[in-house]
Every structure is written in structure tokens, then in C-alpha cells.
Ligand SMILES: NC(=O)c1ccc[n+]([C@@H]2O[C@H](COP(=O)([O-])OP(=O)(O)OC[C@H]3O[C@@H](n4cnc5c(N)ncnc54)[C@H](OP(=O)(O)O)[C@@H]3O)[C@@H](O)[C@H]2O)c1
């Protein structure tokens, strides 16, 4: 069991554009971050859709689904995704949602539960670890949530799907992650026309 973080990022370091809103969940100009995912067979399968490309990108997405036993996310990501994910969300695992606004646990179809955690990042991670069994805990986003785990040194592996686009403004992943050097060892680079998938392991 390790703790992972896995995000799509623009070449200039943004994980969302500016102006994020319920009707604009990725922010302005952020289409390149997510549109490559929508054609992947493994992603479509998890959304209850058919078709799509069976390519290396799709394999990487399936690898993430298979390896992940619990997910931690911020309330903003949850609120933006809630309607889109519907009754059978793609996670199919327990999801711990960091929030200041308590809400009863939601049990969805397919094995996804959303539990709203108000006691902070350590409590959410402990609960996710208990739920994940031998599989990984993934810190899914958004930026604020991943930054908090990075700041505390709680992420073991970081995978970035670097899309070939500059967004120019928005939410940067690596702002405010605390001063001080942290070293990573490269685990893998997979380069496809859609994205350059970089996987790193933090060395302690
Ligand atoms: N590029 C990618 O792969 C990727 C992946 C995921 C998300 N995203 C994008 O990221 C954006 C959202 O990111 P974000 O940084 O704005 O928000 P976020 O991390 O999703 O959520 C932040 C919110 O979560 C709650 N929260 C976070 N830490 C907490 C703590 N320690 N204790 C209690 N509550 C806590 C707070 O909500 P309350 O105070 O309201 O309860 C806070 O305002 C979206 O635009 C989404 O599209 C991108």
C-alpha cells in the first residue's frame, strides 16, 4: 500500500484554469487537461460508456483504477463532480472528502461511498488506508488537497500526465508546498501523442 497522487497538468504547471465554477469545472482554457481522457476505453468503461481507444494511455488509466483501493479528495472537486459522476461514480472504492461542512455518508452504486471528513488530512488518510486494504490510497485532487499532502511529505508516488498545452493562468499544483528540497527518483516515462506520463517516487 502506498499513497499516490495522479493528476493531469499543463506544460506550464496548471491543473485547472481560472474561473472554476459549477458550469465550468476545469476552469477557462482547461480543455486540454481532460479531453484526452474522454476517448480512452478504460475511462469510458468506468463511466458506463462503450467504445474508445485501447491504447497505452488507456492502459495507464486502467492501471490506476486497478491499483487504487481508496481515494481522498477536496470538497471543491467533489462538489464539481457530484452531478457528472451520477449514481454509479467511476471510483468504485471508498472516497474520503475533506471538508469543513459535515454531511452524511453517501452510498452509491458500484462500490463508491463518499464520506465527508472534517478532522483534517491525517484523519482522512488514516481512514482511507483502513479502507484500501492492500491497494493504494490516491490523493485525487484538487490542487489545494494534493498540496497539503505534499507539504506534509505524505505522498509516496506522483504521476503527472503532462499535456502539450500552455494554459497561462489558473490553479498551480506546486505553489505553497513548503520550502525545502525534496528529491524524487524517476520511476517511468511514457510518451504518447496525447500526453507525457511522468511517474516519480519521493525518496525519504
Ligand atoms: N488536473 C487534474 O488532474 C485535476 C484533478 C482533480 C481536480 N482538478 C481541479 O482542481 C480544482 C479544485 O481544486 P481546489 O484546489 O480548488 O479544491 P479542492 O482541493 O478540490 O477542495 C478544496 C476544499 O476542500 C476542503 N478542504 C481541503 N482541505 C481541507 C482540510 N484540511 N480540512 C477541511 N476541509 C478541507 C475545503 O472545502 P470546504 O471548506 O468548502 O468544506 C476546501 O475549500 C477543480 O477545478 C478541478 O477541476 C484537477
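The values are calculated or read from the model by the stated rules, or taken from the named source; none is laboratory data. Everything numeric here is computed off the predicted structure, so don't read it as measured data. Ideal geometry is used to build each Cβ from the backbone, glycine not excepted, and the neighbour counts take in all protein chains shown.
Listed by first and then second residue, the pairs linking a residue in the range 57-69 that is within 21 Å of residue 125 (Cβ to Cβ) to a residue that is in a helix (DSSP H, G or I), with Cβ atoms under 8 Å apart and 6 or more places separating them unless they lie on different chains, are 65/42; 65/46; 68/132; 69/131; 69/132.
For the condition in contact (Cβ under 8 Å) with a residue 60 or more places away in the chain, within 13 Å of the ligand (Cβ to nearest atom) and in contact with a strand residue (DSSP E or B) (Cβ under 6 Å, 6 or more places away or on another chain), what is the one hit in 124, 140, 132? Before the answer, list the steps.
Details: 124 fails: in contact (Cβ under 8 Å) with a residue 60 or more places away in the chain; 132 fails: within 13 Å of the ligand (Cβ to nearest atom).
None of the other options fit; the residue is 140.
Taking the criterion of being more than 9 Å from the ligand (Cβ to nearest atom) and either under 17 Å from residue 80 (Cα atoms) or in contact with a strand residue (DSSP E or B) (Cβ under 6 Å, 6 or more places away or on another chain) (or both), the residues of the range 22-37 that qualify are 22, 23, 28, 29, 31, 32, 35. Screening residue 50 on (1) more than 12 Å from the ligand (Cβ to nearest atom); (2) free of Cβ contacts under 8 Å to residues at least 24 places away in the same chain; (3) surrounded by 19 or more Cβ atoms within 10 Å (Cβ to Cβ); (4) not in a helix (DSSP H, G or I) shows it passes everything except condition (3).
Residue-level check: of (1) surrounded by 13 or more Cβ atoms within 10 Å (Cβ to Cβ); (2) farther than 28 Å from residue 197 by Cα; (3) in contact with a helix residue (DSSP H, G or I) (Cβ under 8 Å, 6 or more places away or on another chain), residue 87 misses just (1).
Quick one: which residue in 7, 96, 80 is part of a helix (DSSP H, G or I) and modelled with pLDDT of 95 or more?
80
When residue 175 is tested against the conditions (1) exposed (fewer than 15 other Cβ atoms within 10 Å of the Cβ); (2) out of contact with any helix residue (DSSP H, G or I) (no Cβ under 8 Å at 6 or more places or on another chain); (3) closer than 28 Å to residue 18 by Cβ, the lone failure is (2).
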